[in-house]
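Below is one structure; the comments refer to it alone.
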Amino acid sequence: MEENKTETHEKSVIARELWFQENEKEFIAEHSIGATIRAGDRTAETTDPKGGYREGGFVTLKIQKADGSFDPLETTVVVYSAKKKVLGEIKPEDLEGTPLSQKTKTALIEKLTRLYGRDFTDNDTVTIVRFEYADDLKEAGKKILASLQTFAQNDLLELKNGPFRLAPEYKPSGLTPENIKGRPLSFIIGEQPSEYAVSPLMWNAEFKMRGSNGLFLPVDIAPDKKGNLKEFIDKIVEIGNLVFRVLTITNPYKIDALQYFKNLQERYPDRVDLSEDALRIGATNQILIGPDNKFYVINSDGRGMANSIEEFLSGKNRGNLEAKHVGLVGAGGAARGIAYEVAKRMGPHGLLTIFNRTQEKAVALKAELSSYLPQTPIEARGLNELPGQAKEQEIIISSITEGDPLSDSGVYKTLPRGILIVDANYGPKSIIEQKAHEAGRDDLDIHDGAGMVVEGYIIASQELSRLWKYEVSREVYREIGFVFGYRKRAASS
Ligand SMILES: NC(=O)c1ccc[n+]([C@@H]2O[C@H](COP(=O)([O-])OP(=O)(O)OC[C@H]3O[C@@H](n4cnc5c(N)ncnc54)[C@H](OP(=O)(O)O)[C@@H]3O)[C@@H](O)[C@H]2O)c1
């Protein structure tokens, strides 16, 4: 396995091309690609494309045929480890499971000399890179997630005896600048985000890719200890941008958090910037702390969902949300944000129909939306009316806590081809694809909430980078999208 040496110096650190001999095809297909050794003083962290492989990064490969030409088929591998070693200190276990494992040090040095056309000595530093064959990007994504999780957990462990006794035992008294070790900190706060939230993974991945020493942690606050929420945010406000960057708020505190910052704004108008969207939706899920020590309070739920839908539509040359007929199931916290943004984007020629189990909530939401967007046609119906109405929709969004609103009443049979179905839930909580499959409707276009969560993170990340004046490359977003099974075109940054 030899790396081609004509790499370009493009900015991307994501897709790089390695070329393999045809007789290695089988070896690659056998899952474990093994290892290659790169010469030079290179690390896994660098953003220099010549500088090495980043752990968790995707690498694109092409197979070289016997005649020297390249198979047009590309395959993707994941770098699951990249360790720097001084040649003289390499031990047999460092090469275990690689095609070089049986080599003596002398044979290894000879091979490197032959491959790279220069002399190697014991003092040379090499990087041992291990790849995993990634036929299925979702599976590969899970592996990367697992490694990022370990990264996040290690950091959590490090802080275990520090200020962050994560709730319910959480005590905010330890939160002082002295014991936070100078790392910019961010949190996702909710009832139990430590159990399920992907925000720490996305943000910590971004920090790692950017070479920032920021840290994003979940903070669980039990509803019966709700007072801790206020105390916690009070501390953050007191210490401010010396330490903190992002507060992501999740259930059940999105409304309380908005109220907190409305109160704060009354006392300190210069320290809070409340977005019109958050005020109209009546909740916040993202708060960014700027270099001016101001708290920028936004809501990315609706925009996240709308951006992901428009991404799917544009991929199919079906335009955007303007003038579309959209059915939204649910009228809870997430649905409020989605309804507002979708109604805003569809304009006067679209139609938004809100279906909710408790119809009064749909009616109340419609009344509220119509007061902001009087030109947009909006209807409110009970969930029992969905079967009769489903085929009139171009897009159906499910934003309910669990289950599939389409399966129980046999709606799948009535749906025309070309309809787009999007679930706000993702991972095991999203059962829509499975239910459609059981109903024999594999032809439908179904997406889970991975797009919404990735797009919501991108919105907050771009807002933070705008405030602090740095850039996040398109590739970082693209790769984080890949990891979550959301293959998206890179967002502009
Ligand atoms: N992907 C993302 O980025 C993202 C972001 C935010 C939320 N979410 C997900 O979106 C979902 C909704 O969250 P939320 O904050 O809006 O929750 P919420 O405020 O508690 O609202 C729950 C909604 O689900 C409905 N519902 C609950 N159980 C139902 C059932 N068995 N049958 C029919 N309808 C039912 C409720 O109807 P009633 O009004 O009749 O009770 C209500 O409309 C959650 O699963 C959440 O994880 C995803």
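Which number comes out as Rg/Rh for the stretch 303-448 once both Rg and the Kirkwood Rh are worked out on C-alpha atoms? Rounded to two decimals, Rg over Rh is 0.93. Under 5 Å from the amide H of residue 379 lie the amide H atoms of 352, 353, 354, each residue being 5 or more positions distant or on a separate chain, with H modelled from the backbone and absent for Pro and chain starts. Within a Cβ distance under 12 Å of residue 332, other residues only, what is the Lys/Arg minus Asp/Glu net charge? Charge balance near residue 332 sits at +2. Under 5 Å from the amide H of residue 420 lie the amide H atoms of 395, 396, each residue being 5 or more positions distant or on a separate chain, with H modelled from the backbone and absent for Pro and chain starts. Relative contact order, whole percent, for the stretch 272-360 stands at 26, derived from Cα pairs under 8 Å and 6 or more residues apart. What residues of the stretch 395-413 lie in the reach of a label at residue 431, counting those whose backbone N is under 14 Å from a point 7 Å from the Cα along Cα→Cβ? Of the residues in the stretch 395-413, 400-410 have backbone N under 14 Å from the label point off residue 431.
If DNA, RNA and ligands are ignored and the probe is 1.4 Å, what is the ranking of 292, 448 by accessible area, most exposed first?
Numbers: 292 85, 448 55 Å².
Heavy-atom accessible area, descending, gives 292, 448.
When you restrict to C-alpha pairs under 8 Å that are six or more residues apart and normalise by the size of the stretch 186-263, the relative contact order lands at 44 percent. With every protein chain left in place and a probe of 1.4 Å, what is the accessible surface of residue 336, to the nearest 10 Å²? My reading of the accessible area for residue 336 is about 60 Å².
Once the other residues with Cβ under 14 Å from the Cβ of residue 275 are scored (Lys, Arg +1; Asp, Glu -1), what is the net sum?
Details: positive: 254, 262, 280, 294, 303, 344, 466; negative: 273, 276, 277, 301, 341, 463.
Neighbourhood net charge equals +1.
Shape of the stretch 229-385 from the C-alpha gyration tensor: prolate (a/c of 1.5 or more and a/b above b/c, with a ≥ b ≥ c the square roots of its eigenvalues).
Hey, got the dipole for the stretch 303-448? About the Cα centre, +1 on K and R Cβ, -1 on D and E Cβ, debye to the nearest 20?
Numbers: 17 positive and 20 negative charges, 62 e Å.
With only Lys, Arg, Asp and Glu charged at Cβ, the dipole is about 300 debye.
Sites listed here are trypsin sites (Lys or Arg not before Pro) in the stretch 376-436 whose DSSP assignment is loop and whose Cβ has at most 13 other Cβ atoms within 10 Å: 417.
The values are calculated or read from the model by the stated rules, or taken from the named source; none is laboratory data. Keep in mind the model is a prediction, meaning the values are calculated, not measured. All Cβ positions, even for glycine, are placed from backbone atoms using ideal geometry, and neighbour counts span all protein chains on display. In case anyone asks, the SASA skips ligands and DNA or RNA and just uses the protein heavy atoms, side chains included. Shrake-Rupley method; radii C 1.70, N 1.55, O 1.52, S 1.80 Å.
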